[in-house]
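The values are calculated or read from the model by the stated rules, or taken from the named source; none is laboratory data. Since the structure is predicted, the reported quantities are computational estimates derived from the model, not experimental observations. Here the Cβ is made from the backbone with ideal geometry for all residues, glycine too, and neighbour counts use every protein chain on show. For accessibility, only protein heavy atoms count, side chains too; no ligands or nucleic acids. Shrake-Rupley method; radii C 1.70, N 1.55, O 1.52, S 1.80 Å.
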Amino acid sequence: MSANTQDNKKAPTAVKDLVFTAMFTALIAVCSIISIPIGEVPVTLQTFAICLAAAMLGWKRGTLSVFVYILLGAVGVPIFAGMKGGVGVLVGPTGGYIIGFLLTALAVGFAADRWRRKALPLTIAMAVGVLLCYVVGTVWFMVVTKMGLGESLLLCVVPFLIPDAVKIAAAVLLSNRLSKVVRL
């Protein structure tokens, strides 16, 4: 097989990877814009979209879609919660949660690749990924706001436990259903 033939076979895969990564970046952005302010950290569908992206795309493309989302927001595209954008959001009180989304995508994507989107491993990975996001985000929140651990947990974690559990369940269910009809 010639080098040109090999390149032609790689091209459709590369284009497909690019399209699906961009599509899930857009989904994360849309799910971020829709937000319900309940304090410093709003309720959004970001967690759902990130878990779904990583479950469907795996760790490489899923994490890339989250990275591109963060990069777009950092350069000023208003795609963070509340239609905000810019580096100021990333260095602000909620910036640690946005950065923590990368760890969520890594955990979920690894489980999706390793266990082929089986419900139990995905559910556990999503819970671990969201926990990692909570840890990074809450530590960052504490540093920026100078609040203590208890107060930060009450503001930034406790109100989100049930909504995030629902988002995880929805992401597991949807990724299982979609994986049967969509080949990524």
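Taking a ≥ b ≥ c as the square roots of the Cα gyration tensor eigenvalues, with a/c under 1.5 meaning rounded and otherwise prolate when a/b beats b/c, else oblate, which class fits the chain? Note, shape of the chain comes out prolate. Rounded to the nearest 20 debye, the dipole magnitude of the chain is 760 debye, with +1 charges on Lys and Arg beta carbons, -1 on Asp and Glu beta carbons, and the Cα centre as origin.
Which residues does a label at I99 reach in the stretch 28-61, if reach means a backbone N under 11 Å from a point 7 Å past the Cα toward the Cβ? Flagged as within label range: none. Looking at the chain, the accessible area is 52 square angstrom per residue; that uses a 1.4 Å probe and ignores ligands, DNA and RNA.
Proximity of backbone amide H atoms, modeled 1.01 Å from N, is registered between S35 and G82 at under 5 Å, excluding neighbours fewer than 5 places apart on the same chain.
Karplus-derived 3J(HN,Hα) values for the stretch 171-184, using 6.51 cos²θ - 1.76 cosθ + 1.60 with θ = phi - 60°, are 5, 5, 4, 5, 5, 5, 5, 5, 5, 7, 10, 10, 9, 9 Hz; glycine and proline are entered as x.
Residue by residue, the stretch 54-68 carries 3J(HN,Hα) couplings of 5, 5, 7, 9, x, 5, 5, 6, x, 5, 4, 5, 5, 4, 5 Hz when phi is fed to the Karplus relation 6.51 cos²θ - 1.76 cosθ + 1.60 (θ = phi - 60°); x denotes Gly or Pro. Helices in the chain, meaning DSSP H runs of at least 4 residues, each add -39500 (n - 2.57). Divided by all residues, the mean residue ellipticity at 222 nm is -26500 deg cm²/dmol. For M23, M126, the ranking by accessible surface with the largest value first comes to M23, M126, using a 1.4 Å probe. If only the Cβ of Lys and Arg carry +1 and only the Cβ of Asp and Glu carry -1, the dipole of the stretch 96-181 around its Cα centre is close to 460 debye.
Between G96, L106, L154, whose Cα lies farthest towards the positive end of the dipole of the chain when Lys and Arg beta carbons carry +1 and Asp and Glu beta carbons carry -1, centred on the Cα centre? Farthest towards the positive end: L106. Short-range pairs are left out: with C-alpha atoms under 8 Å and at least six residues apart, the relative contact order of the stretch 81-150 is 42 percent. Residue by residue, the stretch 129-146 carries 3J(HN,Hα) couplings of x, 5, 4, 4, 5, 4, 5, 4, x, 5, 4, 4, 4, 5, 5, 6, 8, 6 Hz when phi is fed to the Karplus relation 6.51 cos²θ - 1.76 cosθ + 1.60 (θ = phi - 60°); x denotes Gly or Pro. For the stretch 38-95, what class follows from the C-alpha gyration tensor (a ≥ b ≥ c being the square roots of its eigenvalues): rounded when a/c is under 1.5, otherwise prolate if a/b is larger than b/c, else oblate? Here the stretch 38-95 falls in the oblate category. The overall shape of the stretch 55-148 is oblate: from the C-alpha gyration tensor, with semi-axes ordered a ≥ b ≥ c, the ratio a/c is 1.5 or greater and a/b is no larger than b/c.
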